[in-house]
Amino acid sequence: MDYFLLAWKNLWRNRRRTIITLAAIAFSIMLVQALHNLSSGVYAGMVDSGVRAGSGHVAVYKQNYLESREETLYFEDHNLVTEIEAIDGVEQVLPRLYIPALAQSSRESRGIMLIGVDPERERQINPFLKSLSEDAMIRSADSRDAVVGVRLLDELQIKPGQKFVVTAQHQDGTLHSELLHVRGVVSSGMKDIDGSLILIGRERAGLLTGSSSSVHELAVILTDPSYEKSVHGQITTMLAAHPGIEAVNWERAMPNLANAIKLDYASQKFIFLIILLIVTIGVINTLLMSVMERMREFGVILALGSKPMTLRCMIMLEALSLGLLAAAFGTLLGSLATWYLVSVGIDLADFVPETLEFGGVVFDPILRANWNPGWMIQIALYVVGLTLLAALYPAIKAGRITPVEGMRHH
């Protein structure tokens, strides 16, 4: 206890230098914690938006469909929708049929992706459809209603309420056509989707291919992303009775989004590393200067019979005191910054285009953080450890001082 008290007093001999170092370490901790929590919140928002408009937290496909996107690789759902929905943690299951087709109006024609959906299920989950009014939504699975991407609508030179024809290949090899009418218009904010998307009822889409009871995808939406591993395992076990069908997680189903997040997070880790390196240099500088200023004092202490290990322990205790104090202040500042980012966020609406796209997903330009107390404590303790590691060189240098060398120092 006496050593710790002595180390604490020594730390504040040069008050200005200690405060500057303390502030630098605390600010670095706050910056790393706040940036990580902000990134975590933004990534969670992107994943949530991506899985709801895309392939779900867990997706069920015919084997090899993900790699080839071959439209003949569909499967009968065999009550899988009902069985999967009964699993704890599952919010909704969205059956979908994907059909490459040709859309034709009286003026233009375009290659499109026709998606057959369950209108009621899809509207509850898909963020693109939630903004549509009741009059703009597909009325039933077998109706001729269609929801069309806004860009495609302009290219076909048609308006809501007007009719157009879609043509696709039937499973018998012939071409089949269906007359549809524009019920609603969707704007996803992504040019590729808005220029090629047509949503219709799944039964109507099945008439084009002759597979009205089949699906290419079952997109499983969860009430909480933390259930993903458990639900994925249960679905995989369930599919053992259905050979040739597999369940995949969202990272495999949507590799563009997953890879974009991994790349962005890797770049952030590099920035965090630079920040922590600066912290290390600051600690080494503070403690080394403290050692150099007390050379004569250390010489006297050694001459009175103290051991070099005593000096080393004193320097390490000074570093420990500095690290713990900085960790406490830094975590407090990080908590305040995270609270602001969670409740208010950062509004980029004035600095970015109308839509903000990342990894093939459009997300809210107001960036909000997520609380991650465990990680915040972890990074604070990591910095304390880093401070102790940075103190090793000054401590070793202090322990190598001889009584004569120290007492001659001015």
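The values are calculated or read from the model by the stated rules, or taken from the named source; none is laboratory data. Here the structure is a predicted model, which means the values were calculated and not measured. In this analysis, Cβ positions are derived from the backbone assuming ideal geometry, glycine residues included, and neighbour counts consider all displayed protein chains.
Confirm whether E178 is part of a strand (DSSP E or B) and among the acidic types (D, E). Show your work before the answer.
Details: part of a strand (DSSP E or B): yes; among the acidic types (D, E): yes.
When the stated conditions are applied, E178 passes them.
Just wondering, is there one or more residues in the range 242-250 that are assigned to a helix (DSSP H, G or I) and surrounded by fewer than 18 Cβ atoms within 10 Å (Cβ to Cβ)?
For the range 242-250, residues assigned to a helix (DSSP H, G or I) and surrounded by fewer than 18 Cβ atoms within 10 Å (Cβ to Cβ): absent.
Is it true that A59 is without any contact (Cβ under 8 Å) to a residue 24 or more places away in the chain and farther than 27 Å from D172 by Cβ?
It is false that A59 is without any contact (Cβ under 8 Å) to a residue 24 or more places away in the chain and farther than 27 Å from D172 by Cβ.
Condition check: at positive phi, crowded, with 19+ Cβ neighbours inside 10 Å and not basic (K, R). Does G56 satisfy that?
yes
Condition check ((1) out of contact with any Cys (no Cβ under 8 Å at 6 or more places or on another chain); (2) modelled with pLDDT under 90; (3) of a type in the set (K, R)) across all residues:
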| position | (1), (2), (3) |
| --- | --- |
| R123 | yes, yes, yes |
| S133 | yes, yes, no |
| R144 | yes, no, yes |
| G161 | yes, yes, no |
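Kindly indicate whether any position in the range 106-116 is within 32 Å of the chain's Cα centre (by Cα), hydrophobic (A, V, I, L, M, F, W, C), outside any strand (DSSP E or B) and at pLDDT below 90.
Taking every residue of the range 106-116 in turn, none turns out to be within 32 Å of the chain's Cα centre (by Cα), hydrophobic (A, V, I, L, M, F, W, C), outside any strand (DSSP E or B) and at pLDDT below 90.
If I ask for residues that are in contact with a Gly (Cβ under 8 Å, 6 or more places away or on another chain) and in contact (Cβ under 8 Å) with a residue 24 or more places away in the chain, which ones from the range 203-214 would you list?
Answer for the range 203-214, where residues must be in contact with a Gly (Cβ under 8 Å, 6 or more places away or on another chain) and in contact (Cβ under 8 Å) with a residue 24 or more places away in the chain: E203, R204, A205, G206, S213, S214.
Could you pull out the residue among A23, A44 that is assigned by TED's automatic domain parsing to the domain that holds E318, within 15 Å of L222 (Cα to Cα), surrounded by fewer than 17 Cβ atoms within 10 Å (Cβ to Cβ) and among the hydrophobic types (A, V, I, L, M, F, W, C)?
A44
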